[in-house]
1. Taking 7 Å along the Cα-to-C-beta vector as the label spot, tell me the LYS110-HIS190 distance in nanometres, rounded to one decimal.
2. Could you give the dipole magnitude of the chain about its Cα centre, charging the beta-carbon of Lys and Arg +1 and that of Asp and Glu -1, in debye to the nearest 20?
3. For a label point 7 angstrom out from the Cα of GLN179 toward its Cβ, which stretches of region 250-264 have the backbone nitrogen within less than 20 Å?
4. Per residue of the chain, what 222 nm ellipticity follows from adding -39500 (n - 2.57) for every DSSP H run with n ≥ 4, rounded to the nearest 500?
5. Based on alpha-carbon centroids, what's the gap between region 133-158 and region 70-112 in Å, whole number please?
6. Counting heavy atoms of the protein chains only and a 1.4 Å probe, report the per residue accessible area for the chain as a whole number of Å².
7. List the residues of region 221-243 whose backbone N lies under 18 Å from a point placed 7 Å from the Cα of THR206 along the Cα-to-Cβ direction.
8. Order 79-85, 141-147 from most to least packed using the mean count of other Cβ atoms within 10 Å.
Amino acid sequence: MTERVTKRGIRNFILICILAMLAGTFVPVKVSAATTYSRTMNSYIVKGKKGRIVLAYNPSQTGVPVYARTSPKSQQYGVLGFGDAVVVNTKKLKMNKKYAWLPVYMDNLKDAKGRKATAYVRMGQLKLLSLNAKKYSNNRIIDKAIKTGMKYLGTPFILGGLSMTDGIDCSGFVGKCFQMAGRNLASWYHTITLEGVSRQIFWHNTNTPLTKEELNKMKVGDLLFYLDKDTSGAIGHVGIYIGKGMMLNASGHYGYVYPTGGVCIKRVQYGQRYMVLCKRIIGF
């Protein structure tokens, strides 16, 4: 009797182990989202091949570090603040593969072959969108002005600077973009001058999100103005609207080095700054 009970107990134990193993095959083990996050980039790879640029931007107030390699132990190139954006290197992405790290261009750095360096950011901390880099605008001058400005991503910010390669400030950058596109906005560049060559579309109150009506009024090529002290003071910053809530500008307010400063791409609202004035260049 004891022998039969023992054999039965062993059989039951083995059966329970087998069932537990099978259950483990179909029930995922619970681990932190940070270690399992991945995303297939197929649609963005296709967009990149069709002449669109893919942007990754930080949608939160938590900084997103930019690393030299896919490891937080590697060299850190900078931190993306709220609204800061970088261009994704879609050439390093493969179809049907999931990624936890996103390759992005560091336009202010060169690799061993003299090309734009590639850095990496954690996928789960960013949002993505794409813009038509073949034609930002149907207006020839605006389209060329934006394409021109995009070539100089990474140029450092220098107050009063007028060099698209060595250093430039916000108004100088906007003026140079249009001048190189065939439209000389003014004989000298300053936010006040650029205000004067454009007509007001709307004034936006600080510390509030843009309304849908305001977003719909904005057109690619519009000039966006910001207050010098984020929410007070005179107007002290200007950028070019490039669509989908993104702006091309030379920023020196929160940092002088790309990707948080210099010639870079940002959301219309970034850091603690809210765009207050949207104006359209007269004649466009």
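1. With each label placed 7 Å out from Cα toward Cβ, I get 3.7 nm.
2. Details: 42 positive and 13 negative charges, 346 e Å.
Here the chain has a charge dipole of around 1660 debye.
3. 250-252, 262-264
4. Computed ellipticity for the chain at 222 nm equals -7500 deg cm²/dmol.
5. Value for the Cα centre distance between the two parts: 21 Å.
6. That works out to 53 Å² for each residue.
7. Counting only backbone N, you get 224-239.
8. 79-85, 141-147
The values are calculated or read from the model by the stated rules, or taken from the named source; none is laboratory data. Just so it is clear, the structure is predicted and the values come from calculations on it, not from any experiment. FYI the Cβ positions are ideal-geometry reconstructions off the backbone, even for glycines, and counts take in every protein chain you see. Ligands, DNA and RNA are stripped out before the accessible areas are found, and what is left, the full protein with its side chains, is counted by its heavy atoms. Shrake-Rupley method; radii C 1.70, N 1.55, O 1.52, S 1.80 Å.
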